[in-house]
Amino acid sequence: MELANKYDPSVVESKWYEYWMKNGFFKSLPDSSKEPYTIVIPPPNVTGVLHMGHMLNNTIQDILIRRARMMGKNACWVPGTDHASIATEAKVVAKLADEGVKKSDISRDEFLTHAWEWKEKHGGIILDQLKKLGASCDWDRTCFTMDKVRSESVIKVFIDLYNKGLIYRGVRMVNWDPQALTALSDEEVIYKEQQAKLYYLRYKVVGEDTYAVVATTRPETILGDTAMCINPNDSSKAHLRGKKVLVPLINREIPVIEDDYVDIDFGTGCLKVTPAHDVNDYLLGEKYNLETIDIFNDNGTLNEHGAQYAGMDRFDVRELIVKDLDIVNLLEKTEDYTNKVGYSERTHVAIEPKLSMQWFLKMEQLAKPALDAVMTDEIQLHPAKFKNTYRHWMENVKDWCISRQLWWGHRIPAYFLPEGGFVVAETVEKALQLAVEKTNNKNLKISDLRQDEDCLDTWFSSWLWPISVFDGISHPNNEEINYYYPTNDLVTGPDILFFWVARMIVSGYEYRKEKCFNNVYLTGIVRDKIGRKMSKSLGNSPDPIELMNKYGADGVRMGMMLAAPAGNDILFDEVLCEQGRNFNNKIWNALRLLKGWKVEEIEQPESSIIAILWFDAKLNEAVAEIDDLFSKYRISEALMTVYKLFWDEFSSWYLEIVKPAYQQPIDRKTFDATINIFENLLKLLHPFMPFITEELYHALKERSNNDSIMISKMPTNKEFDSKIIHDFEIVKELIAVIRTIRLEKNIPIKEPLALQLVAGNNNDSYNSIVTKMGNLSSISNVSEKDNSALSFLVGTTEYAIPLGNTLDIASEVKKMEDEIQYLQGFLKSVMAKLNNERFVANAKPEIVENERNKQSDAESKINSLRERINTLNAL
């Protein structure tokens, strides 16, 4: 195959991806003769488009899956998408609003029709973008969390857990999202530190002309106050015991209760109790049987309990009520205050603690085997530092609020009965059967049943992902789940370690009685080069598609991985993609050089024989190192090992050694060996850079129609000669010194030099390489070096190069005199310290000794330079 002058990714990438798809190289079927290697993709939201986090995550997955495939495993990478209840519903609501339609004006079925249309139009975009990255997923296996198999699995699990007594329904304080109009789990709330105000409000004591003062950050919630609480140990508040106070502005009488929950040292020592709108107040309310007054509508406006503020937004009420309190002298003072406020992870609005009827899953019992699995390393987290975070979460796990007040999602399979109560069933027909049995009312009809309006939390479907993608819930003994499960590696971000990873581990032990994966590789967060998190608002998040168009997919993949140590944040700089593109060009040009050589049946030079032996050892050393790094999930370091092997060893040394002289042929043995070496290097590089390696694999030699580097065998770890590697490093050092002398003395590379061995041992086995790479006329042993010779040490061996007529004596003497002058100035500063009695007496002994060593070194160098000047002047 003829190679173009320049590598053009736009031509190469689409060609080979189509070739891989056409030949079915990504496909996997159960095969008992092969070891399975399985990865399930963290399903991106159907609302999503490719961002830098996806790029990193899926590049790592593709590296792992391609490497496993080349190691002879039956590699299966299952792709799919998540229905993303809150995000998708918000998109559809916004689309309808643009068309002049309100969600409240249409039926649930009509809304879902719009939602499915939106999903079909937009839901596959991100998967198509992953193909451009080179993702080698088995696309025939693409799953969706709301497709038939996954939906059946979710409903089946809900019913099973309900029947086990682990799912219950009840009124609880939940995190309410006033924009999405749904409850959120604790894990979906992001707490942000804010500069707020602390308002000191005056509550009149009933029957007295005195006031009790309360400090609060939320004055609007006084309208829902049903008690004031003091600490029974606070003597300064003893006068309030048994009293009642009036809620400011509305003058509702509320009791003063006593509980040691109140922090005497915070605020005023008096606490307003609003059971409907604060988690801790809710607990006090239950304990003391207080009235609960909910003052908020679902959208964050005040309801009929909001008095004159009814219908207004909560934050507008806060501003107005503070003014009104001040007017009637019930605002004592205001202070600046820093506190943390919870925000919805999806809509970014402040959440509202709210009493609500919801469905919950009891987690304490379910969490125990999942905690043990990670703590005992049955499931390993990489890096292991995240084990402590995981342990903290799982030891403090709360019941999971699994219901959401949304239409897009898995509708809760609970059916309410006309006379009260409910049944839980997979279908309305089964629900009717259960309802008749429960009520003994044989006249009940399907139309009498009302299904719960709520949907299940999106995570309640994705927690089953490693099982449900193989239909292991509905058909727990099928061939695929028995072959592919447990999966091998999960690649994801630490931000969803609890949201998703921990819950998948829980479901694995509950429904398969074993782990769902062996390893969890936790990536870092992709940040810009100055450490800021990437975001649209900052304008620091590049478009991955544009990056791939500019640098090629391989260039971007490499750029991402060069900056991606496991678990640490990635400081992404576009320069890294440029480095990746440059490496592409380096590989391309190396093969163009090789292909440009004329091959003849001539004798193989000794230097080439040695070079091949050396590089074979070097390659096998690298394979062993790469295997070790992959076993530790240090994938970016594995890439760097291959990168250095190709750039520093193969291109800079091996090719230079075996390269024939200008317009001269290369021998057949060396050429064939070099082709084989190049092929092995391409195989090591392929998981990281799939496109260019496939192109060059076919350019190396003739291939069959259905051949591909991605199904070729990865070089395996073989024994290698470590001595030749060690010896060759000394040879490289010797050649490097010879080249430096040429550079410093302006001696052209074409002019041969003689190398003299003055003292020590030289390994003559490598003389052919030193002669060629240093362009030497001879290598000889001498008892005394030439007066014009420049001597140097490599290890303990002394060499010399006679410079003769090539040396500009006057120029050399001038350089050495300048160096002597510099050293004398340096020596003067050292002696000033050593001649200072206070310095010598007070400084640490090791510091004084270091200064004496500086003196000795400088004096020795000055003497050597003077001797050299005398020798040159005598020529």
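The values are calculated or read from the model by the stated rules, or taken from the named source; none is laboratory data. Model, not experiment: these values are computed from the prediction. Cβ coordinates were reconstructed from backbone atoms using ideal geometry, including for glycine residues, and neighbour counts include every protein chain displayed. All accessible areas refer to the heavy atoms of the entire protein, side chains included, with ligands and DNA or RNA removed. Shrake-Rupley method; radii C 1.70, N 1.55, O 1.52, S 1.80 Å.
For Asn746, the criteria (1) open to solvent by 20 Å² or more (accessible area, probe 1.4 Å); (2) under 30 Å from Lys73 (Cβ atoms); (3) part of a loop (DSSP other than H, G, I, E, B) hold in every case but one, which is (2).
Residues that are over 30 Å from Ala94 (Cα atoms), open to solvent by 10 Å² or more (accessible area, probe 1.4 Å) and not in a loop (DSSP other than H, G, I, E, B): does region 410-417 have at least one? First the steps, then the outcome.
To start, the set of residues in region 410-417 that are over 30 Å from Ala94 (Cα atoms) comprises 415-417.
Still in the list and also open to solvent by 10 Å² or more (accessible area, probe 1.4 Å): 415-417.
If we keep only those that are not in a loop (DSSP other than H, G, I, E, B) as well, we get 415-416.
Checked against the condition, which is being over 30 Å from Ala94 (Cα atoms), open to solvent by 10 Å² or more (accessible area, probe 1.4 Å) and not in a loop (DSSP other than H, G, I, E, B), region 410-417 yields at least one hit.
Can you go through Arg557, Arg592 and tell me which one is touching a helix residue (DSSP H, G or I) at 6+ places or on another chain (Cβ under 8 Å) and part of a helix (DSSP H, G or I)? Going through Arg557, Arg592 in turn, the sole match is Arg557. Could you list, in sequence order, all residues of region 654-681 that are hydrophobic (A, V, I, L, M, F, W, C) and either in contact (Cβ under 8 Å) with a residue 60 or more places away in the chain or surrounded by fewer than 23 Cβ atoms within 10 Å (Cβ to Cβ) (or both)? Of everything in region 654-681, those that are hydrophobic (A, V, I, L, M, F, W, C) and either in contact (Cβ under 8 Å) with a residue 60 or more places away in the chain or surrounded by fewer than 23 Cβ atoms within 10 Å (Cβ to Cβ) (or both) turn out to be Leu655, Ile657, Ala661, Ile666, Phe671, Ala673, Ile675, Ile677, Phe678, Leu681.
The residues listed here are Asp265, Asp326; of these, the one that is open to solvent by 80 Å² or more (accessible area, probe 1.4 Å), over 28 Å from Asp177 (Cα atoms), out of contact with any Asp or Glu (no Cβ under 7 Å at 6 or more places or on another chain) and not in a loop (DSSP other than H, G, I, E, B) is Asp326. Report whether or not Ile473 is assigned to a loop (DSSP other than H, G, I, E, B) and either modelled with pLDDT under 95 or surrounded by 15 or more Cβ atoms within 10 Å (Cβ to Cβ) (or both). Yes; evaluated as a whole, the condition is true for this residue. Only a single criterion out of (1) buried (at least 16 other Cβ atoms within 10 Å of the Cβ); (2) over 22 Å from the mean Cα position of the chain (by Cα) is not satisfied by Glu110, namely (1). For beta carbons closer than 6 Å, sequence separation of 6+ or different chains, a first residue in region 568-579 that is touching a residue at least 12 places away in the same chain (Cβ under 8 Å) and a second that is open to solvent by 30 Å² or more (accessible area, probe 1.4 Å) and part of a loop (DSSP other than H, G, I, E, B), the qualifying pairs are Asp569/Ile525; Leu571/Lys529; Asp573/Lys529. I need the full set of residues from region 374-406 which are in a strand (DSSP E or B) and either among the charged types (D, E, K, R) or in contact with a Lys or Arg (Cβ under 6 Å, 6 or more places away or on another chain) (or both), in order please. Once the filter is applied, which keeps residues that are in a strand (DSSP E or B) and either among the charged types (D, E, K, R) or in contact with a Lys or Arg (Cβ under 6 Å, 6 or more places away or on another chain) (or both), region 374-406 yields Leu381, Arg404. Between Val758, Val770, the distinction of being farther than 13 Å from Ile738 by Cβ, of a type in the set (A, V, I, L, M) and surrounded by 12 or more Cβ atoms within 10 Å (Cβ to Cβ) belongs to Val758 only.
Residue count for region 694-726 under the criterion of being of a type outside the set (Lys, Arg), assigned to a helix (DSSP H, G or I) and within 28 Å of Ile610 (Cβ to Cβ): the result is 8.
Would you point out the residue of region 20-44, among those that are open to solvent by 40 Å² or more (accessible area, probe 1.4 Å) and not in a loop (DSSP other than H, G, I, E, B), that is farthest from Gly524 (Cα to Cα)? Even if it seems obvious, please write down each step before you answer.
From region 20-44, those open to solvent by 40 Å² or more (accessible area, probe 1.4 Å) are 21-23, 27, 29, 31-35; that's our starting set.
Right, trim to not in a loop (DSSP other than H, G, I, E, B) and you get 21-22.
On the way: Met21: 31, Lys22: 35 Å.
The selected residue is Lys22.
Within region 595-616, being of a type outside the set (D, E, K, R), part of a helix (DSSP H, G or I) and within 16 Å of Ile675 (Cα to Cα) holds for Ser608, Ile609, Ala611, Ile612, Leu613, Trp614, Phe615.
Pick from region 435-452 the residues that are touching a strand residue (DSSP E or B) at 6+ places or on another chain (Cβ under 8 Å) and either open to solvent by 70 Å² or more (accessible area, probe 1.4 Å) or assigned to a loop (DSSP other than H, G, I, E, B) (or both): which of them is farthest from Glu187 (Cα to Cα)?
My answer is Lys438.
Restricting attention to region 201-217, the residues that are surrounded by fewer than 18 Cβ atoms within 10 Å (Cβ to Cβ) and under 47 Å from the mean Cα position of the chain (by Cα) add up to 1. For region 609-653, filtered to residues that are out of contact with any Lys or Arg (no Cβ under 8 Å at 6 or more places or on another chain) and hydroxyl-bearing (Ser, Thr, Tyr), the residue that is surrounded by the fewest Cβ atoms within 10 Å (Cβ to Cβ) is Ser631.
When region 233-287 is filtered for residues that are within 23 Å of Leu331 (Cα to Cα), among the acidic types (Asp, Glu) and out of contact with any strand residue (DSSP E or B) (no Cβ under 7 Å at 6 or more places or on another chain), the ones remaining, listed by number, are Asp263, Asp265.
The numbered conditions (1) more than 28 Å from the chain's Cα centre (by Cα); (2) not in a strand (DSSP E or B) are all true for Arg150 except (1). If you go through region 794-850 and keep only what is open to solvent by less than 60 Å² (accessible area, probe 1.4 Å), without any contact (Cβ under 8 Å) to a residue 60 or more places away in the chain and within 30 Å of Ser777 (Cβ to Cβ), you end up with Thr797, Glu798, Ala800, Pro802, Leu803, Gly804, Ser811, Met816. For beta carbons closer than 6 Å, sequence separation of 6+ or different chains, a first residue in region 505-531 that is open to solvent by 40 Å² or more (accessible area, probe 1.4 Å) and a second that is part of a strand (DSSP E or B), the qualifying pairs are Asn518/Asn488; Arg527/Lys533; Arg527/Leu571; Lys529/Leu571.
Hey, can you tell me all the residues within region 480-498 that are in a helix (DSSP H, G or I), open to solvent by 10 Å² or more (accessible area, probe 1.4 Å) and not acidic (Asp, Glu)? First the steps, then the outcome.
So in region 480-498, the residues in a helix (DSSP H, G or I) come out as 480-484, 494-498.
Cutting the leftovers down to open to solvent by 10 Å² or more (accessible area, probe 1.4 Å) gives us 480, 482-483, 494-496, 498.
Of everything in region 480-498, those that are in a helix (DSSP H, G or I), open to solvent by 10 Å² or more (accessible area, probe 1.4 Å) and not acidic (Asp, Glu) turn out to be Asn482, Tyr483, Pro494, Ile496, Phe498.
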